[in-house]
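Asker: Can you read through this structure? Questions will come right after.
Every number in this text was worked out from the coordinates using simple rules, so none of it is lab data. This is a predicted model, so every value here is computed, not measured. Heads up, the Cβs are rebuilt from the backbone with ideal geometry, glycines too, and the neighbour counts pull from every protein chain shown.
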Amino acid sequence: MNQLVIHRKVGLLALLVFVVLSVPASAGTTGKGILGDWQVTMDFDGRQLEAILSLSMDKEDNLSGQWISFGISELTDIKYEGSQLSFVQVNRFGDNEFRSTFTGTIERGKLSGTVSSNRGESHVEGKRLRRMPIAAGTWQVKFNVGDRQVSAALVIKADDNNNLSAEWQSERGQHEITDVTFKKNKLTFKRTSKVQDQQWESSFEGTVKGHKLTGTIKSERGDIALEGQRVGGALVGKWDLELTSDRGTRKQLLQINPDLSGLYGSSPIKKINLEGNQMSFKMVRTFGDQESEITFKGTLDGKKLTGERISSRGTQTVTGQKRSSTTAKQKTTKIKEASRKPDVIYVPTPQEVVDKMLELAQVKKDDIVYDLGCGDGRIVITAAKKYGCKCVGYDIDPKRIKESLESVEKNNVGDLVRIEQEDIFTLDLSKANVITLYLLPSLNVKLIPQLEKLKPGSRIVSHDFDMRGVTPNKVVKINSDNEYNDHTIYLWTTPLKKEDVSDE
């Protein structure tokens, strides 16, 4: 049996050999952990002011950000080291520009610090703004019972802790839904139905992709295929608004959640109404002990929004543009002809090995993962979905790039995963702190000069092949049911531990 394993390993090796985000800013590798929206409160002249601090990464992996309140102000000079965060906020009113500086900390999911300006200092407290699960909202569902098509509404609600509950609204009978779960785009629940004098139990398992729901209702009566469409899906997302009046033009952000609640700037919206292409909402904005009611009416035209905002101060004309997701931008990536032949043929890493590689590397949410020779993108996609970290997959083969981009879109991880068509031996790897490999031993050795530039404590994991001249921190073997029977994973950490191989 052992000889068979060896022959298969050698055969695989022989086969491989034969084919042969706005303003630049400083950020340590832990800077990834602060990304997203933070709900902050500050004392402003004795009154409480709420705002959203939005932090993201640009294409060069530099921090960028915005301060969102009564309008949008850009952030400059963003720095994050350890737990210390600082930035400069720039506000413009007509021809006048006002600057304030924030210094503080982000620790254990909480933000605390001070905003300083020529008007004095204000204390700031904040917490991460939870993202609503995409399963939430109202779904118009259809399925067939015999020759009859049945329609119903599935209403999924998320509480403050993102725990889900649901209601099944139908003209026929009474239905109670329990045990609602949503993980990795998979939605499940149990349903108890009573129609006249009949009662039965069923379960649902399905997938949410964008604004579509597909799945199967299972019961003792048989399996029924279900399809659903989110109500108001075209509205969901972030909208960049321009508001114009005789006092000038300013910018604002409208964020619409999957359940059609939202935020106008930093002010909550309980419910947005949509009839055809007409949308509207009312909200009350609070500043200290002052309240003002705002009415918003608009017309939706694809990714464009036009309308008006009405308050006690008058009417403003509104134009809006929906922000494109990172996934959509990935689709426009230009795939080029390969500059040279790939160094190895593509042999996908089994999923169980992918999981173990990432586990061995102790991947965390604030890591940056580079996969060198990403194939179909399964390693970076798994890392993004399982750990929520930023990832970049590199490959030189245009076919592999196409597959990776399609897989990123299918798995809805475009906000975390970037795919680049590059020669891995020309890359600057210094921004990563986890590197994954499935290359030949000689190619691993060729990468050593680049790997030595990684920050201390970075992890390198390789499937099946070692790195001559460098001592691994750990070697793990995995028994598998696939045709190669077993696999080996090597782990190195930086600085690399060189060994003398001159006599070998």
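Asker: Could you pull out the GluC sites (Glu not before Pro) across the range 416-485 that fall in loop regions by DSSP (anything but H, G, I, E, B) with no more than 12 other Cβ atoms inside 10 Å?
Answerer: Loop-located and lightly packed - GLU483.
Asker: So which of LYS238/LYS271; LYS271/LYS303; LYS184/LYS270; LYS386/LYS410; LYS356/LYS386 end up more than 22 Å apart by C-alpha?
Answerer: Over 22 Å apart, Cα to Cα: LYS184/LYS270.
Asker: Could you work out the relative contact order of the range 375-418? I mean the mean sequence separation of Cα pairs under 8 Å and 6+ apart, divided by the number of residues, in percent.
Answerer: Answer for the range 375-418 is 53 percent.
Asker: Return the whole-Å distance between the Cα centroid of the range 120-199 and the Cα centroid of the range 370-395.
Answerer: Cα centroid of the range 120-199 versus Cα centroid of the range 370-395: 31 Å apart.
Asker: Report, ordered by chain and residue number, the lysines lying within cross-link reach of LYS79, taken as a straight Cα distance under 24 Å and ignoring same-chain residues fewer than 8 apart.
Answerer: Filter leaves LYS32, LYS59, LYS110, LYS127, LYS364, LYS365, LYS390, LYS431, LYS453, LYS455.
Asker: Now for a separate question. Using bins 10 angstrom wide from zero, how does P(r) for the range 237-322 break down, in % of all Cα pairs?
Answerer: For the range 237-322, the pair-distance distribution reads 17, 56, 25, 2.
Asker: Take every Cα pair under 8 Å in the range 137-230 that's 6+ residues apart, average their separations, divide by the length, and report that relative contact order as a whole percent. Don't jump to the answer; show the numbers that get you there.
Answerer: Details: 211 pairs, mean separation 21.3, N = 94.
So the answer I get is 23 percent.
Asker: Label points 7 Å out from Cα along the Cβ direction at THR192 and LYS364: separation in nm?
Answerer: So the two model labels end up 4.5 nm from each other.
Asker: Using only the Cα atoms of the range 26-128, what are the Rg and Dmax in Å?
Answerer: 13.1, 40
Asker: State the extension gain, in nm to one decimal, for the chain segment bounded by SER219 and THR101, taking 0.36 nm per residue of separation less the distance between their alpha-carbons. Mind showing how you got there, number by number?
Answerer: Details: separation 118, 0.36 × 118 = 42.48 nm, distance 6.03 nm.
Computed gain between SER219 and THR101 is 36.5 nm.
Asker: In vacuum, with every alpha carbon of the range 327-493 counted as one equal point scatterer, what does the Debye formula give for log10 I(q)/I(0) at q = 0.09, 0.14, 0.19 Å⁻¹? Two decimals, please.
Answerer: Values returned for q = 0.09, 0.14, 0.19 Å⁻¹ are -0.27, -0.67, -1.30.
Asker: Take the Cα gyration tensor of the range 137-225, multiply each eigenvalue by 5, square-root it, and list the three semi-axes largest first, rounded to whole angstrom.
Answerer: Values: eigenvalues 91, 44, 31 Å².
Working from the Cα gyration tensor, I get semi-axes of 21, 15, 12 Å.
Asker: So how strong a dipole does the range 26-128 carry about its Cα centre when Lys and Arg Cβ are +1 and Asp and Glu Cβ are -1, to the nearest 20 debye?
Answerer: 260 debye
Asker: Read through the labelled values (1) -0.37, -0.50, -0.64, -1.30; (2) -0.41, -0.53, -0.66, -1.26; (3) -0.26, -0.36, -0.48, -1.38 and report the label of the one computed as log10 I(q)/I(0) by the Debye sum over Cα atoms at q = 0.06, 0.07, 0.08, 0.13 Å⁻¹ from the structure.
Answerer: Matching the structure shown: (1).
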